[in-house]
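The values are calculated or read from the model by the stated rules, or taken from the named source; none is laboratory data. Computed from a predicted model, the values in this text were never measured in an experiment. Don't worry about glycine lacking a Cβ; one is built from the backbone with ideal geometry, like all the others, and counts go over all protein chains shown. Just the protein is used for accessible areas: all its heavy atoms, side chains included, with ligands, DNA and RNA removed. Shrake-Rupley method; radii C 1.70, N 1.55, O 1.52, S 1.80 Å.
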Amino acid sequence: MTKIALVTGGTRGIGASISSNLKDSGYTVVSNYASNDESAEKFSKENNIEVMKWDVSNYEQTKSCISEIYNKYSSIDILINNAGITQDAPLHKMTVEKWNKVISVNLNSVFNVTSSVINKMRENGFGRIINISSVNGQKGQFGQTNYAATKSALIGFTKSLALESASKGITSNVICPGYINTEMVAAIREDILKSIIDTIPSKRLGEANEIAEMVSYLVSEKASYINGATFSVNGGLWMD
Ligand code: CAA
């Protein structure tokens, strides 16, 4: 039977590329999104992928939307926790609103979604969970105490979950993308972005499909012995 994949934040940027790549590999994909109806509809039409709108930072909404997916498909075999936002500011200018928003969208969401699928994966004796972290969760970044805190938290989350779930056929791994050619990175001030690219040994941004290819490998049967691992895909920006 076809395996079912859920990709959070799956209609734009890295998530869109992960979703379409998984579909091309033969999975049935449901792509979650939070707000941008127009790009979600366009993505859905162009890729023939089901999209589902809810706020992954909201526990109750997440529970209820995931039970809808179970009613339709009976299992979620692959979960890609990709949804994430930035609200950059140095800590001395960081508001509590920016702090809480980034913590809840980038980190609480991972608890909300993963805890809603883990029991069925355990019953089924199979699961693939990939968390999308960031190079800035590994190395830190000026203006990103909130974002970096969530992204390094995902590494600890992933390793702990791997320990808890390995005996049930579930793997849990984390990918740390570097600066990828998406709207999120395009929003960085031009001169700052240029100075960041200068520090990347490959001297270019990554492409979303370079992350999607890594995801497709990690969810495959071939990767069943890879568990609790952290993968850097960053053009050499940080070697860890
Ligand atoms: N290291 C040390 N000092 C720095 C610095 C750095 N990297 N960047 C800025 N500064 C200094 C500046 O020189 C300046 O000093 P002076 O006041 O003495 O001139 C001071 O800090 C203020 O700098 P800004 O004018 O940049 O401050 P700001 O408040 O206007 O902007 C900021 C702050 C929004 C965080 C801006 O610096 C910025 O956009 N930085 C890039 C952050 C970044 O990389 N975000 C990644 C987003 S994409 C993403 O997150 C995806 C992923 O996973 C990789």
Reported to the nearest 10 Å², Ile69 has, with a 1.4 Å probe, an accessible area equal to 10
HN-Hα couplings for the stretch 112-128 via Karplus (6.51, -1.76, 1.60; θ = phi - 60°), in whole Hz with x for Gly/Pro, come out as 4, 6, 5, 5, 7, 10, 5, 5, 5, 4, 5, 4, 6, x, 8, x, 10
When the chain is treated as a Gaussian network with springs between alpha carbons less than 10 Å apart, the largest mean-square fluctuation among Val185, Val29, Val219 is found at Val185
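Working with all protein chains in place, sort Asp240, Asp198 by solvent-accessible area computed with a 1.4 Å probe, largest first.
On the way: Asp240 125, Asp198 85 Å².
The most accessible residue leads, giving Asp240, Asp198.
Just need the relative contact order of the chain here, percent rounded to a whole number, with Cα pairs under 8 Å and 6+ apart. It would help to have the intermediate numbers written out before the result.
Working: 465 pairs, mean separation 47.4, N = 240.
Relative contact order for the chain comes out at 20 percent.
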Rounded to whole angstroms and listed largest first, the alpha-carbon spread of the stretch 87-147 along its three principal axes comes to 47, 23, 10
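If I stretch the segment between Tyr70 and Lys42 completely, what's the gain in nm (0.36 nm per residue apart, minus their alpha carbon distance), one decimal?
On the way: separation 28, 0.36 × 28 = 10.08 nm, distance 2.48 nm.
Net length gain for the segment: 7.6 nm.
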If each K or R counts +1 and each D or E counts -1, the residues other than Asp198 whose Cβ falls under 12 Å of its Cβ total +2
Amide H neighbours of Asn234 at under 5 Å, excluding residues fewer than 5 places away on the same chain, with H built from the backbone geometry, are Gly178
Of all lysine pairs in the stretch 97-185 that are eight or more residues apart or on different chains, those with Cα atoms under 23 Å apart total 10
quick shape note, the stretch 49-187: Cα extents on principal axes in Å, largest first -> 47, 29, 28
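For a Förster distance of 41 Å, can you work out the FRET efficiency between the beta-carbons of Met239 and Phe111, rounded to the nearest 0.05? Before the final figure, lay out each step's value.
Values: r = 30 Å, r/R0 = 0.73.
FRET efficiency, Met239 to Phe111: 0.85.
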Working note, the stretch 178-240: Cα radius of gyration (Å, one decimal) and Dmax (Å, whole number) are 13.9, 43
Counting only protein heavy atoms and leaving out ligands, DNA and RNA, the solvent-accessible surface of Lys101 at a 1.4 Å probe, in Å² to the nearest 10, equals 100
The correct ranking of Phe43, Phe231 by accessible area at 1.4 Å, largest first, is Phe231, Phe43
Counting all Cα-Cα pairs in the chain, those more than 32 Å apart amount in percent to 15
Applied in sequence order to the stretch 193-208, the curve 6.51 cos²θ - 1.76 cosθ + 1.60 (Karplus, θ = phi - 60°) yields integer Hz couplings, x standing for Gly and Pro, of 4, 4, 5, 5, 4, 4, 8, 8, x, 6, 6, 7, 6, x, 9, 4
Along principal axes, largest first, the alpha-carbon spread of the stretch 112-227 in whole Å comes out as 51, 28, 21
Around Thr8 (Cβ within 13 Å, Cβ-to-Cβ, excluding Thr8; K/R +1, D/E -1) the net charge comes to +1
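Just subtract the alpha-carbon distance of Thr199 and Glu213 from 0.36 nm times their residue separation and send over the number in nm, one decimal. Don't skip to the end; give the middle numbers.
Working: separation 14, 0.36 × 14 = 5.04 nm, distance 2.42 nm.
Between Thr199 and Glu213, full extension yields an extra 2.6 nm.
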Mean-square fluctuation maximum in Gaussian network of the chain, Cα pairs under 10 Å, restricted to Ala186, Ala212, Ala83, hits Ala186
Listed residues Glu207, Glu60, Glu38; largest mean-square fluctuation, Gaussian network over the chain with Cα springs below 10 Å, found at Glu38
Probe 1.4 Å, all chains present, heavy atoms only: Ile197 accessible area in Å², nearest 10, is 40
Excluding residues fewer than 8 positions from Lys45 in its own chain, the aspartates and glutamates with Cα under 20 Å of it are Asp24, Asp37
